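Chemist: I'd like to ask some things about the structure below.
The values are calculated or read from the model by the stated rules, or taken from the named source; none is laboratory data. All of these numbers come straight from a predicted model, not from anything done at the bench. A quick note on method: Cβ atoms are made from the backbone with ideal geometry, for glycine too, and the neighbour counts reach across all protein chains shown.
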Amino acid sequence: MSTQTNLLATTRRSSTIDDVPTIPTRVLKGIILLLCCTVVIVPFIGVISTSIASQAHVTESGGFVLWPDSLNWASYRAIFNGGVVQRALLVSFVITLGGTLVSLAGSTMLAYALSRPGSFGQRPILMIVLFSILFSPGLIPNYLVVKEFGLLDSLLALVLPTAINGFNVIVLRSFFMSIPASVIDSARVDGAGDFRIFWSIVLPLSRAVLAVIGLFYAVGYWNAFFNAMLYISDTAKWPLQLVLRTYVINNTELSSGDLGGASADQLPPQESIQMAILVISLVPILIVYPFLQRHFTKGMLTGAVKG
Amino acid sequence: MLIDQARATDSGPPGTPTAERSAPPAGGQQLSWWARARRDKVLLLMAIPGLALMLAFHYLPLLGNLIAFQEYLPFVPFGRSAWVGLDNFSVIFNGDAEFLNALKNTLLITLVQVIFVFPAPIALALLLNSLLSERIKRVVQSVLYLPHFLSWVIVIAIFQQILGGSGLINNTLRARGIDTIDFLGNPDSFIALLTSQVIWKDSGWGTILFLAALTQIDQGLYEAARVDGASRLRQLWHITVPGIRGLIILLLILRLGDSLTVGFEQIILQQNLVGRPASEVLDTYVYNNGVLAGQWGVSAAVGLVKGLFGVALVIGANKVAHIFGEAGVYQKA
């Protein structure tokens, strides 16, 4: 008896539901997603707003402005007046560009050497690359090696230890291996050597994957913070993330000396300067984000599917 | 996964993939290894820079673990430090309070994150997947993926602006005359803070794999279920969830393989606000005691043991995942 009523209830419910969701569910979903997006977006708007709000407005709203009443570029002018932040920005750019080049060169060449079927030494080298994915050597040993190489306080310490990522090498390798052998064979018949084939045939065919991996590395270098904290004690060589940590997270006050000698009473409020530093470290990511999103999604899926 | 795949492509049917390079010369004889090395010398030269960097900064440091057995002093040359056997490991064997606390925090954070962080992208993916409008879906995705690309420094700075003493929420409370809440410095809620940050940063990005798995589900199943009069909720439970169960199990196992590693950068950046007792995990223990406090040997010992357990867990997780993996999205693709 009870099963029967149950059954009846089920049929009645499903007949009203059909396959289009009901209005209340759609509204509920909309509200949840809107909430998620708000939680992500509002902080960004607040950060940007605080960086350009007027001094009075910042003080009045307790240090964080959700929407600026006026446009005031004083904090950006203060930052780009020379001084700590500007120098750190330069360091970060140098590390990101130089590092990405080193990483891409090393990774693509290694991946190419590993992608030619039956080449000499391929198996042990491949094992070395694969095994590196499984473990990380640990903080103290890493530190000792960097120290023994004399790289403490050198910008190279921010590039070389993380330059080659085994996972990226494998992704590049599987891409290179998917290039039809006939293309490479015909070049070989025409007398091209291995490097020539790599440079003028394989790389041009791999632009998309190079962009993905290059962006992977670049974002990694731009965002890296701990290695700098560990290896770089000379504040003149600090990258932006470390400056951000010192002056924004740890709330160390930026003196006029830190800002290229602007006179102290002309300084915009600390909160605005802090948020301006934050914005500056965000901008490069925001600029490449459209590419990142498109390619990373694809790249991550190929990685997952292939891997 | 990756490793198995790379191995598989290598050891495929013998002869086929290797045919191009090692095709036997006319006599039917394999080239000698010297001849092959000479033939491939350009390839070897190309491999050297990357390989050297990897050996120098990924494998050479393994030797550095030797100081776990030494009374290491930074100003004494590496080889001259006194050997002390397993003395440094006594913090582990004898259960030093600070070490045990770090271990406890690490495991607790892993547990909480498996419960709260792990399901977030799944729920979000199901929600996104059920949207009828592709355009809204794409816009929402663009917004939610963004935090993944920000550094921890930026994420924590942003959280401070919202939750800090003079942040958005406390400003609002103050303006209304309500007591402010100490979100960032309260040791009791530190794990909740960490967890919410991880969810904010990565749950959008985490949907990608699940969304991909969801598109692999045979649409015919839904049609058949609809004809049978199954409600959308029942379709979700009987078709969608089983369709991604393999992937869920796989990712869960892989996550558990990483149990001993929890957000090092994230924690180190916030540690001075909450204090070490509440926030110390194994990785920060190694950093604080070794690099900062100068107990290099002890820290290296803890790091070494953690690393060994970590590798064992990851390999074990991979093995288990392999067993379950047969049903996952990986095999379908």
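Chemist: Kindly check whether there is at least one residue in region A:154-174 that is surrounded by fewer than 16 Cβ atoms within 10 Å (Cβ to Cβ) and either farther than 30 Å from B:Ala68 by Cα or facing chain B (nearest Cβ under 9 Å) (or both).
Modeler: no
Chemist: If you don't mind, there's one more thing I want to ask. Which is more than 9 Å from chain B (Cβ to nearest Cβ), out of contact with any Pro (no Cβ under 7 Å at 6 or more places or on another chain) and aliphatic (A, V, I, L, M), of A:Val91, A:Val84, A:Val102?
Modeler: Checking each option against the conditions leaves just A:Val84.
Chemist: Of all residues being surrounded by 20 or more Cβ atoms within 10 Å (Cβ to Cβ) and hydroxyl-bearing (Ser, Thr, Tyr) in region B:190-232, which is nearest to the other protein chains (Cβ to nearest Cβ)? Just the residue, please.
Modeler: My answer is B:Ser203.
Table: residues versus (1) assigned to a helix (DSSP H, G or I); (2) touching a residue at least 60 places away in the same chain (Cβ under 8 Å); (3) out of contact with any Ser or Thr (no Cβ under 9 Å at 6 or more places or on another chain).
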| site | (1), (2), (3) |
| --- | --- |
| B:Leu60 | yes, no, yes |
| B:Leu63 | yes, no, yes |
| B:Ala68 | yes, yes, no |
| B:Val76 | no, no, yes |
| B:Gly85 | no, no, yes |
| B:Asn88 | yes, yes, no |
| B:Val91 | yes, yes, yes |
| B:Leu100 | yes, no, yes |
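Chemist: Find all pairs meeting these conditions: Cβ atoms under 8 angstrom apart; at least six residues apart or on different chains; first residue within region B:205-224 and modelled with pLDDT under 90 and of a type in the set (S, T, N, Q); second residue part of a loop (DSSP other than H, G, I, E, B) and exposed (fewer than 15 other Cβ atoms within 10 Å of the Cβ).
Modeler: Here the result reads B:Gln216/B:Ala333, each pair linking region B:205-224 to a residue that is part of a loop (DSSP other than H, G, I, E, B) and exposed (fewer than 15 other Cβ atoms within 10 Å of the Cβ).
Chemist: Determine whether region B:252-263 contains at least one residue that is closer than 16 Å to B:Phe99 by Cβ and either of a type outside the set (Lys, Arg) or under 24 Å from the mean Cα position of the chain (by Cα) (or both). Spell out the reasoning first.
Modeler: The first filter runs over region B:252-263 and keeps only residues closer than 16 Å to B:Phe99 by Cβ, leaving B:260, B:262.
Cutting the leftovers down to either of a type outside the set (Lys, Arg) or under 24 Å from the mean Cα position of the chain (by Cα) (or both) gives us B:260, B:262.
Yes, some residue in region B:252-263 is closer than 16 Å to B:Phe99 by Cβ and either of a type outside the set (Lys, Arg) or under 24 Å from the mean Cα position of the chain (by Cα) (or both).
Chemist: Sticking with this one: Condition first: within 30 Å of B:Arg80 (Cα to Cα) and modelled with pLDDT of 55 or more. Can you find one or more residues in region B:32-51 that meet it? Quick ask: steps written out before the conclusion?
Modeler: Taking region B:32-51 and keeping what is within 30 Å of B:Arg80 (Cα to Cα), we get B:51.
Those left that are additionally modelled with pLDDT of 55 or more: B:51.
Checking region B:32-51: at least one residue is within 30 Å of B:Arg80 (Cα to Cα) and modelled with pLDDT of 55 or more.
Chemist: Answer yes or no as to whether A:Asp190 is within 12 Å of another protein chain (Cβ to nearest Cβ) and not polar (S, T, N, Q).
Modeler: It is false that A:Asp190 is within 12 Å of another protein chain (Cβ to nearest Cβ) and not polar (S, T, N, Q).
Chemist: Please note which helices (runs of 4 or more DSSP H) are completely contained in region B:238-312 and include at least 3 residues that are farther than 20 Å from B:Val117 by Cα.
Modeler: B:264-274, B:282-286
Chemist: May I pose another question? Check A:His295 against each of (1) modelled with pLDDT of 80 or more; (2) more than 9 Å from every other protein chain (Cβ to nearest Cβ); (3) within 20 Å of A:Trp222 (Cβ to Cβ) and name the one condition it does not meet.
Modeler: Only one criterion in (1) modelled with pLDDT of 80 or more; (2) more than 9 Å from every other protein chain (Cβ to nearest Cβ); (3) within 20 Å of A:Trp222 (Cβ to Cβ) is unmet by A:His295, namely (1).
Chemist: Output the number of the condition that B:Ala123 fails; it satisfies all remaining conditions of (1) out of contact with any Ser or Thr (no Cβ under 8 Å at 6 or more places or on another chain); (2) at pLDDT below 90; (3) assigned to a helix (DSSP H, G or I); (4) surrounded by fewer than 21 Cβ atoms within 10 Å (Cβ to Cβ).
Modeler: The failed condition is (2).
Chemist: Another question about this same structure. Return the total of residues in region B:126-141 being aliphatic (A, V, I, L, M) and surrounded by 18 or more Cβ atoms within 10 Å (Cβ to Cβ).
Modeler: 2
Chemist: Turning to a different aspect of this structure: If you check A:Val248, A:Val212, A:Val145, which single one turns out to be facing chain B (nearest Cβ under 10 Å), in contact (Cβ under 8 Å) with a residue 24 or more places away in the chain and touching a helix residue (DSSP H, G or I) at 6+ places or on another chain (Cβ under 6 Å)?
Modeler: Exactly one residue qualifies, and that residue is A:Val248.
Chemist: Another question, then. List the pairs whose first member sits in region A:254-275 and is in a loop (DSSP other than H, G, I, E, B), whose second member is of a type in the set (A, V, I, L, M) and modelled with pLDDT under 75, and whose Cβ atoms are under 8 Å apart, counting only residues at least 6 apart or on separate chains?
Modeler: These pairs meet every condition: A:Ser255/A:Ala264; A:Ser256/A:Ala262; A:Ser256/A:Ala264.
Chemist: Just to verify a result, which residue in region B:132-168, among those that are over 23 Å from A:Val288 (Cβ atoms), among the polar types (S, T, N, Q) and free of Cβ contacts under 8 Å to residues at least 12 places away in the same chain, is nearest to the other protein chains (Cβ to nearest Cβ)?
Modeler: Residue satisfying both the conditions and the ranking: B:Ser166.
Chemist: Name the residues in region A:184-200 that are over 16 Å from A:Leu110 (Cα atoms) and either in contact with a Ser or Thr (Cβ under 6 Å, 6 or more places away or on another chain) or part of a helix (DSSP H, G or I) (or both), would you?
Modeler: Within region A:184-200, A:Ile184, A:Asp185, A:Ser186, A:Ala187, A:Arg188, A:Val189, A:Ser200 meet the criteria.
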